[in-house]
Amino acid sequence: QSYLEDTNVLQTTFASPELSLRLLDFVHPDFTGIIRVLEIQNTGEEPLTLDIFHAEGSSVADHRGQFGYNVAYYNRLGNHVVRYRGHPWDNAIEAQTVWLFAGNPTPDTYQCGVSYQDHGDGLDAFLDVCDGDLQKNRYAFADPNGTTSAVMWWRTLQPGESC
């Protein structure tokens with residue numbers, strides 16, 4: 001792991017006999033947010049099928065009381081996850097957007113769930129990601145537990161191919 005020379009770009013690399021990964025992390029100079037770029041190359045001699053995912057879970061506890069529940073919502077129009085603390089069905093109670101997770105290309109599947117829930121539509125995204133087939137639950141809210149979310153891309157890479 002190292003910074004690219006004279007930049008704020010952090011580069012993390014990983015290599016195995018079949019796979020080479022390069023992860024770039026940086027903060028955009030014009031807005032508050034971190035950008036993460038993942039490059040994967042099949043360095044082996046056989047095709048590789050990969051489940052590539054980003055998962056997160058937290059309890060958005062900065063605001064209590066009137067701000068209500070921890071909410072995770074997958075917006076299919078923008079293909080991103082919105083995380084906030086607010087009331088899931090009462091727009092009269094003010095909500096504050098806390099995080100936005102987006103990916104390019106568009107994820108193949110997604111899951112929003114409730115932390116530690118091991119069944120039903122609101123299955124914890126961390127538990128759901130293990131089988132490589134997310135349930136596509138678009139909305140989850142919980143309190144005091146947090147919510148979780150995951151997005152996933154399915155890729156098959158031929159020898160020498162990158163994505």
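Select from the range 56-97 the residues that are among the aromatic types (Phe, Trp, Tyr) and either surrounded by 11 or more Cβ atoms within 10 Å (Cβ to Cβ) or at pLDDT 80 or above (or both) and list them in ascending order.
Hits for the range 56-97 are 67, 69, 73, 74, 84.
Being surrounded by fewer than 21 Cβ atoms within 10 Å (Cβ to Cβ) and of a type in the set (Asp, Glu) is the filter; apply it to the range 114-163 and report the residue that is farthest from residue 80 (Cα to Cα).
Within the range 114-163, the match that is farthest from residue 80 (Cα to Cα) is 161.
Spot the failing condition for residue 46; the list is (1) over 30 Å from residue 69 (Cα atoms); (2) open to solvent by 60 Å² or more (accessible area, probe 1.4 Å); (3) part of a strand (DSSP E or B), and only one is missed.
Condition (3) is where residue 46 drops out.
From 53, 101, which residue is open to solvent by 50 Å² or more (accessible area, probe 1.4 Å), part of a strand (DSSP E or B) and at pLDDT 90 or above?
53
Quick one: count up the residues across the range 131-163 that are within 25 Å of residue 15 (Cα to Cα), modelled with pLDDT under 90 and not acidic (Asp, Glu).
Taking the range 131-163 as the starting set, the residues that turn out to be within 25 Å of residue 15 (Cα to Cα) are 131-132, 150-163.
Filter again for modelled with pLDDT under 90, leaving 131-132.
Among the residues that remain, those that are also not acidic (Asp, Glu) are: 132.
Number of matching residues: 1.
Inside the range 1-29, can you point out the residues that are assigned to a strand (DSSP E or B), open to solvent by 60 Å² or more (accessible area, probe 1.4 Å) and charged (D, E, K, R)?
22
The values are calculated or read from the model by the stated rules, or taken from the named source; none is laboratory data. Note that the coordinates shown come from a computational prediction; the quantities given were computed from them, not determined experimentally. As a convention, Cβ positions derive from the backbone with ideal geometry for all residues, glycine included, and neighbour counts pool all protein chains shown. Protein only, heavy atoms only, side chains kept; ligands, DNA and RNA dropped before computing areas. Shrake-Rupley method; radii C 1.70, N 1.55, O 1.52, S 1.80 Å.
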